[in-house]
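Heads up, the thing below is written out as structure tokens.
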Amino acid sequence: MKILLDNGHGVDTKGKRSPDGRLLEWEYTRRVAKEVARRLKADGYDAELVVTEDFDIPLTTRANRVNRWCDILGSKNVCLVSIHCNAAGSGSTWMNAQGWEAWTSIGQTQGDKLADCLYDSAEKVLKPLIPDVKIRTDHTDGDRDKESNFTVLQKTKCAAVLTENMFQDNREDVEWLLSNYGFDAIVRLHVEGIREFVKV
């Protein structure tokens, strides 16, 4: 299976950072995506980045890059995980929202199975480190993932999930994300969840 890793935004995207400027979403999510790809490749998986540029790439361009692989390999042989950090406000002040969540496109899709694997991995990896971590869910359609018509989810032909990895405008989440063990946990969460999906 071709594993494609996307990352949030670009160096030229306004906002999308912690209020103190220590965490920049474009930089952090690129580091996570690169390390997830590196670890998966080391284990023999076919993983690569959707965006290799530092600047922001239009969402339709990202979707088209994914769909090229779907056309070559078949949609069932490709999956996409788009990695982001969440925010409750505009980025100018600290907020109280916390936690981890995943999104799929609306309706029952292969993305739901990928999201299940990532949610299982989030519980396994995050709970021992942060016992009171909030795993944010929406059970209205019978599963845990949240749903939206985000372009990288709706316009791609394969199983696709967008993860929101803690809140970049929450002081505690930012400290944790910027720590070595926090970064490693976010990477492991994705690696282990993706591995499980490929097995299934």
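The values are calculated or read from the model by the stated rules, or taken from the named source; none is laboratory data. Remember, it's a predicted structure, so these values are computed and weren't measured experimentally. We place every Cβ from the backbone using ideal geometry, glycine too, and count neighbours over all the protein chains shown. Accessible surface areas use protein heavy atoms only, side chains included; no ligands, DNA or RNA. Shrake-Rupley method; radii C 1.70, N 1.55, O 1.52, S 1.80 Å.
Once you have a ≥ b ≥ c as the square roots of the Cα gyration tensor eigenvalues for the range 157-200, tell me rounded if a/c is under 1.5, and otherwise prolate or oblate according to whether a/b is larger than b/c.
Details: a/c = 4.69, a/b = 1.86, b/c = 2.52.
Verdict is oblate for the range 157-200.
Taking the Cα-to-Cβ direction at T151 and at L129 and moving 7 Å from each Cα, how far apart do the two end points lie in nm?
For T151 paired with L129, the spin-label model returns 3.1 nm.
What angle, in degrees between 0 and 90 and rounded to the nearest 10, separates the Cα long axis of helix 110-129 from the longest principal axis of the Cα atoms of the chain?
That works out to roughly 40 degrees.
Quick check of the Kirkwood formula: for the range 1-94, what is the inverse mean of 1/r over all pairs of different Cα atoms, in Å?
Values: mean 1/r = 0.0706 Å⁻¹.
After inverting the mean inverse Cα-Cα distance, the result is 14.2 Å.
Across 5 Å bins from the origin, how do the percents of Cα pairs in the range 117-200 run, short distances first?
For the range 117-200, the binned pair fractions read 3, 12, 21, 24, 21, 13, 6, 1 percent.
Output the Kirkwood hydrodynamic radius of the chain, Cα pairs only, in Å rounded to one decimal.
Evaluated over the chain, this radius sits at 16.7 Å.
Can you tell me the orientation of helix 25-42 relative to the chain, as the angle in degrees between its alpha-carbon axis and the longest Cα principal axis, to the nearest 10?
Relative to the chain, helix 25-42 is tipped by roughly 50 degrees.
Label points 7 Å out from Cα along the Cβ direction at S92 and F183: separation in nm?
Modelled inter-label distance: 3.1 nm.
Would you work out what percent of the accessible area of the range 89-155, with all protein chains in place, is carbon or sulfur (probe 1.4 Å)?
Of all accessible area on the range 89-155, carbon and sulfur atoms account for 49 percent.
To test your reading of the geometry: what angle, between 0 and 90 degrees and rounded to tens, separates the Cα axis of helix 59-73 from the longest principal axis of the chain?
For 59-73 against the chain, the angle is about 30 degrees.
Given a 1.4 Å probe, how much area per residue of the range 1-92 is accessible, in Å²? Before the final figure, lay out the partial values.
Values: 4330 Å² over 92 residues.
Accessible surface, normalised per residue, equals 47 Å².
Only four residue types carry charge here, +1 at the Cβ of Lys and Arg and -1 at the Cβ of Asp and Glu. Report the dipole size of the range 1-111 about the Cα centre in Debye, rounded to the nearest 20.
120 debye
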